[in-house]
Amino acid sequence: MAKRTADLEPVIDTLFQLPLAEFTAAPNALAARLKKDGRAEDAERVKSIQKPPASAWTVNQLFWRQRKDIDTLLAVGERFRKAQASQFAGHLSDMRGLLNERRDALATLMKHAGMILGDAGHNVSPDSARRIMTTHEALATYGDTPGAPSAGRLTDDVDPPGFEALAALVPRSDGSKDASV
């Protein structure tokens, strides 16, 4: 059964690449087909996938269509996290340069987001632009930390982590970082 479940992953990826208008019908049809094939557990998993709002759908589309630009943002986010940790440890870091790189990466993604939304017949409202930007910022902040949201399979907008996440970067008195966060 593990093999059969593993072969479902690329199919689920395909669902997240569909036009937003097809997002509900396609998973329901796939779930029905899986159930008919005796794969009730897989059918339930597919059926549980929620339709994302247009903003999260747009971020997913950017992941699948503009992967290089997403990877650039995530790489800048990783370097930014390391620079912050370095600063907390008392070392100098080029935060300004990294912030400029991050701003440029976000601007590129937002330009593509506007085109994707426009091509799909959706307006780019200030609220949707804010939610797309915030989700990208959150993905860059989380990076590949355990439990981080999966770019490309979002079912909702993502908020950046709170201040408690910074505790992991602050050196403790023994020189180590707080690993409890």
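The values are calculated or read from the model by the stated rules, or taken from the named source; none is laboratory data. Since we're looking at a predicted model, the values are computed, not measured. A quick note on method: Cβ atoms are made from the backbone with ideal geometry, for glycine too, and the neighbour counts reach across all protein chains shown. Ligands, DNA and RNA are stripped out before the accessible areas are found, and what is left, the full protein with its side chains, is counted by its heavy atoms. Shrake-Rupley method; radii C 1.70, N 1.55, O 1.52, S 1.80 Å.
Quick look at the numbers
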quantity: Pairs where the first residue, in segment 53-75, is touching a residue at least 60 places away in the same chain (Cβ under 8 Å) and the second is of a type in the set (Phe, Trp, Tyr), C-beta under 7 Å, 6+ apart; calculated: Asn60/Phe16; Ile70/Phe63
quantity: Of residues in segment 80-96 being under 24 Å from the mean Cα position of the chain (by Cα) and open to solvent by less than 80 Å² (accessible area, probe 1.4 Å), the one nearest to Asp69 (Cα to Cα); calculated: Phe80
quantity: Conditions (1) surrounded by fewer than 14 Cβ atoms within 10 Å (Cβ to Cβ); (2) over 27 Å from Lys51 (Cα atoms); (3) at pLDDT below 90; (4) of a type outside the set (Ser, Thr, Tyr); number of the one not met by Lys177; calculated: (1)
quantity: Members of segment 5-56 that are of a type outside the set (D, E, K, R), open to solvent by 70 Å² or more (accessible area, probe 1.4 Å) and farther than 28 Å from Asp127 by Cβ; calculated: Pro10, Thr14, Asn28
quantity: Extreme residue, least open to solvent (accessible area, probe 1.4 Å), among residues of segment 118-145 that are over 16 Å from Ile70 (Cβ atoms) and of a type in the set (Asp, Glu); calculated: Asp127
quantity: Leading residue by the ranking (modelled with the lowest pLDDT) among those in segment 114-146 that are outside any helix (DSSP H, G or I) and among the aliphatic types (A, V, I, L, M); calculated: Val124
quantity: Residue tally, condition in contact with a helix residue (DSSP H, G or I) (Cβ under 9 Å, 6 or more places away or on another chain) and at pLDDT below 95, over segment 75-90; calculated: 10
quantity: The one condition in (1) in contact (Cβ under 8 Å) with a residue 24 or more places away in the chain; (2) under 20 Å from the mean Cα position of the chain (by Cα); (3) open to solvent by 70 Å² or more (accessible area, probe 1.4 Å) that Leu99 fails to fulfil; calculated: (1)
quantity: Lone unmet requirement of (1) open to solvent by 30 Å² or more (accessible area, probe 1.4 Å); (2) touching a residue at least 60 places away in the same chain (Cβ under 8 Å) for Met115; calculated: (2)
quantity: Some residue of segment 57-67 being part of a helix (DSSP H, G or I), at pLDDT 95 or above, open to solvent by 50 Å² or more (accessible area, probe 1.4 Å) and not basic (Lys, Arg); calculated: yes
